[in-house]
Amino acid sequence: MKLSREEVIHIAALARLGITDAEIEKAREQLSNILENFEVLKEIDTSNVPPTAQSISLVNVLRDDVPQASLPAEDILLNAPDREGDLFKLRAVLE
Amino acid sequence: MSDNLNWLTIHAAHELLARKKISSVELTQACLDNIEKVEPKVKALVTETADFALAQAKKADATIAQGKATPLTGIPALMKDVLCTQGIRTTASSKMLEKFVPPYNAAVIEKLIAAGMVLVGKTNLDEFAMGSSTENSAFFTTHNPYAFERVPGGSSGGSAAGVAAGEAIFSLGSDTGGSIRQPAGFCNVVGLKPTYGRVSRYGLIAFASSLDQIGPFTRDALDCALVMNVISGQDKRDATSAPEPVPDYTKNLNGNIKGMKIGIPKEYFVAGMQPEVDTAVKTAIKKLEELGAIVDWNVSLPSTRLALAVYYIIAPSEASANLARYDGSKYGAAFLNTDSMWEGMEKTKQFGFGPEVKRRIMLGTYALSSGYYDAYYLKAQKVRTLIRREFDAAFTKYDALVTPTSPTVPFKIGEKANDPLSMYLSDVCTLPINIAGVPGISIPAGFAKGLPIGLQIIGKPFAEETLFRISHAYQQVTDWHTRRPMI
């Protein structure tokens, strides 16, 4: 089953990934091939099997909340694509 | 002598440094000179840090003069360019981070610098560690020092090739599905993926957080143990790092593996495996038998065949979540001259990421999306449990499992570049180990027409010591690991 053009466009939109027409066609082909190889899992009975999220059995790792110095704002902002004073500058999310 | 300093092991270099037969500045200069000579052919480095290295080497020499040298003091090393280095750009071999300069050091970098390590460069990789050949680097492909027209493996190809080509004494990489062990096998060096949680991932640029682990590339098992002594241990900044105490990994390297129980899972001798690899691996296993190990040639881990599908659902799913942060707002590439913020974000990702990264983001986004989550991601996590249980059961009977690292010798550059699925298959022997979270090491085990072959040894959780013991014993009676490429 090949992914439809609309499905690929929908996935790219969910990921906020810009995509060209040529890339859409290539993605349909390649993603479908890869997904076909996942079919092998469908025949496995996992009705009584719990999922593994990570492989070591650490749960609820807690520590005291101790205030400490964070990185200097200037060091962080050195990598900012755009800034205004001590702030990251972004355009409006809601228009 | 001084021409060859860059080819020393950590332990041999340490002895010469501590006895003041050589200085760290001389050792570092030997590496830098060799980089100048071989780098045009190998292309292992994204960034060379010569000035920083020489300054660190001088400091190390002062420490040594005070008689305070520890095993890594003054030892030149390379770091995969996904490990954040304060003030030194860290790119993940991506256009997205081409100009990113981290404001802090990764936990492993902190520890190594405190131990006196000398950083000579940051190494090339498949973009964001996604790939098996370094061909997915946004900058250039690294070449295998044993055959320049072939890949060094990946994703930590630069770290493997750099050590194999004598550019430094050791290096670090990261391994999500084989990214340390497969290139170690391809480049005739030792490469360890530690147990999940053994090494702090703080400051590692994340790919798939439940699978990623940092580990060393070295020239022998003793060196690997020495590096692990420094980088292992719990770190409060990585909640998944484990509280297990860190032993002295060098303690039991006595060459004795008599009575050790080793299982050979038959599913790892896959169809399409090259006969030379099959022969070399079986010869190596017989060597372990001669050393007194009790080998069971007939072990079965039937869920192995499901590992590829499980991996290529879980890893891209986690990657799609981890890479969502590259949106052009806080750091990294950004498209600011668009009509809207959303369009800018889409363009940032479109031009910042390469084809393989985009493929995996889309794959993961699909597997996590409404209506598909149960069928793909949750299903994969359940089958992950089955794979883990098989390892747990095997380790009630065996101290270690031994397999090929990769079904083939290094392939040619370009050979698999247009076929993502055949590229994914080159990690078929290594990725079940990340799924189970157990440790695995690749050690040199022979050559086919001059091309390296790796042997993978898999251990119980937190039993890195066992892997070092077997590897070290094997290296006492073989000399594959001492071979060097002719470059």
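The values are calculated or read from the model by the stated rules, or taken from the named source; none is laboratory data. Quick caveat: nothing in here was measured; it's all calculated off a predicted structure. For neighbour counting, all protein chains shown are included, and Cβ atoms are generated from backbone atoms with ideal geometry for every residue, glycine included. These accessible areas exclude ligands, DNA and RNA; they are computed on the full protein's heavy atoms, side chains included. Shrake-Rupley method; radii C 1.70, N 1.55, O 1.52, S 1.80 Å.
Counting only other chains, what is the mean number of Cβ atoms within 10 angstrom of the Cβ of each residue in peptide B:374-380?
Details: counts 0, 3, 3, 1, 2, 7, 5.
That works out to 3 on average.
Scan the stretch B:1-40 for trypsin sites (Lys or Arg not before Pro) in coil per DSSP, keeping those whose Cβ has at most 16 other Cβ atoms within 10 Å, and list them by number.
Numbers: sites: B:Arg19, B:Lys20, B:Lys21, B:Lys37; in loops: B:Arg19, B:Lys20, B:Lys21.
Sparse-neighbourhood loop trypsin sites (Lys or Arg not before Pro): B:Arg19, B:Lys20, B:Lys21.
Roughly how tilted is helix A:5-14, in degrees to the nearest 10 and between 0 and 90, from the longest Cα axis of chain A?
The angle comes out at about 20 degrees.
Using only atoms on other chains, find how many Cβ atoms lie within 10 Å of each Cβ of peptide B:354-361 and report the average.
Numbers: counts 0, 4, 0, 1, 7, 6, 1, 6.
Across the residues of B:354-361, the mean count of other-chain Cβ atoms within 10 Å is 3.
What's the local net charge at B:Gly116, with K and R +1, D and E -1, over the other residues with C-beta under 14 Å away? Kindly include the intermediate steps, with their values, before the conclusion.
Numbers: positive: B:Lys58, B:Lys59, B:Lys68, B:Lys111; negative: B:Asp61, B:Glu110.
Taking every Cβ under 14 Å from that of B:Gly116, the sum is +2.
Once neighbouring chains are kept in place and the probe is 1.4 Å, which whole percent of the accessible area of the protein assembly as shown is contributed by carbon and sulfur?
Carbon-and-sulfur percentage of accessible area, whole number: 53.
Tally Lys and Arg at +1 and Asp and Glu at -1 over the other residues with C-beta under 12 Å from the C-beta of B:Ser422: what net charge comes out?
Numbers: positive: B:Lys416; negative: B:Glu415, B:Asp419, B:Asp427.
Computed value for this residue: -2.
Over the Cα atoms of the protein assembly as shown, what is the Rg over Rh ratio if Rh follows Kirkwood? Write out the running numbers ahead of the final one.
Working: Rg = 23.0 Å, Rh = 24.1 Å.
Answer for the protein assembly as shown: 0.96.
Taking N as the number of residues in the stretch B:2-259, what is its alpha-carbon radius of gyration divided by 2.2 N^0.38 Å? Could you put the intermediate results ahead of the total?
Numbers: Rg = 16.8 Å, N = 258, 2.2 N^0.38 = 18.1 Å.
After normalising by residue count via 2.2 N^0.38 Å, the value is 0.92.
Rounded to the nearest 10 degrees, what's the angle between the helix A:21-36 long axis and the longest principal axis of chain A, both from Cα atoms, 0 to 90?
Relative to chain A, helix A:21-36 is tipped by roughly 70 degrees.
How much net charge surrounds B:Gln350 when only the other residues with a Cβ under 9 Å from the Cβ of B:Gln350 are counted, with Lys and Arg +1 and Asp and Glu -1?
Numbers: positive: B:Lys347, B:Lys349, B:Lys358; negative: A:Glu23, B:Glu346.
Charge balance near B:Gln350 sits at +1.
Expressed as a rounded percentage, what relative contact order does the stretch B:2-259 have, with Cα pairs under 8 Å and six or more residues apart? Before the final figure, lay out each step's value.
On the way: 641 pairs, mean separation 45.8, N = 258.
The value is 18 percent.
Could you work out how far the C-alpha centroid of the stretch B:331-404 sits from that of the stretch B:1-76, in angstrom?
38
Roughly how crowded by other chains is peptide A:8-16, in terms of the mean Cβ count from those chains within 10 Å of each of its Cβ atoms? Don't skip to the answer; put the middle values down first.
Numbers: counts 2, 0, 3, 10, 7, 3, 8, 13, 11.
That average works out to 6.
Using a/c under 1.5 as the rounded threshold, could you call the stretch B:305-379 rounded, prolate or oblate? The axes a ≥ b ≥ c are square roots of the C-alpha gyration tensor eigenvalues, and prolate needs a/b larger than b/c, oblate otherwise. Show your work: numbers first, answer last.
Numbers: a/c = 3.13, a/b = 2.26, b/c = 1.39.
In terms of gyration-tensor shape, prolate.
With θ taken as phi - 60° and the coefficients 6.51, -1.76 and 1.60, list the Karplus ³J(HN,Hα) couplings across the stretch B:156-164 in order, rounded to whole Hz; mark glycine and proline as x.
Going residue by residue, I get 7, x, x, 5, 6, 5, x, 6, 5 Hz, with x marking Gly and Pro.
From the C-alpha coordinates alone, can you work out the Kirkwood hydrodynamic radius of the stretch B:2-107, in Å? Let's see the in-between values first.
Details: mean 1/r = 0.0672 Å⁻¹.
14.9 Å is the Kirkwood radius here.
So what's the back-of-envelope 222 nm ellipticity for the protein assembly as shown, counting only DSSP H runs of four-plus at -39500 (n - 2.57) apiece and dividing by all residues, rounded to 500?
-11000 deg cm²/dmol
Of all beta bridges DSSP finds with both residues in chain B, what is the antiparallel percent, to the nearest 5? Let's see the in-between values first.
Values: 31 of 45 bridges.
In chain B, DSSP labels about 70 percent of beta bridges as antiparallel.
Please name the residues of the stretch A:48-64 whose accessible area, counted over protein heavy atoms with a 1.4 angstrom probe, falls by no less than 10 Å² between the chain alone and the full protein assembly.
Correct list: A:Val49, A:Pro50, A:Pro51, A:Thr52, A:Ala53, A:Gln54, A:Ser55, A:Ile56, A:Leu58, A:Val61, A:Arg63.
Please list, or write none, the lysines whose alpha carbon is within less than 17 Å of the alpha carbon of B:Lys287, excluding same-chain residues fewer than 8 places away.
B:Lys258, B:Lys261
With a 1.4 Å probe and every protein chain left in place, work out the accessible area per residue of chain B in Å², rounded to a whole number.
Result: 33 Å² of accessible area for each residue.
Provide a list, ordered by number, of residues in the stretch B:319-334 showing at least 30 Å² less accessible area with every protein chain present than when their chain is taken on its own, using a 1.4 Å probe.
Buried by 30 Å² or more upon assembly, which counts only protein chains, are B:Ser329, B:Lys330.
Over chain B, calculate the relative contact order: mean separation of alpha carbon pairs under 8 Å at least 6 apart, over the residue count, as a percent.
RCO, chain B: 18 percent.
Chains B and A: what accessible area do they bury, summed, in square angstrom to the nearest 100, with a 1.4 Å probe?
Working: alone 18420 and 9480 Å², together 22660 Å².
Adding both sides of the contact gives about 5200 Å².
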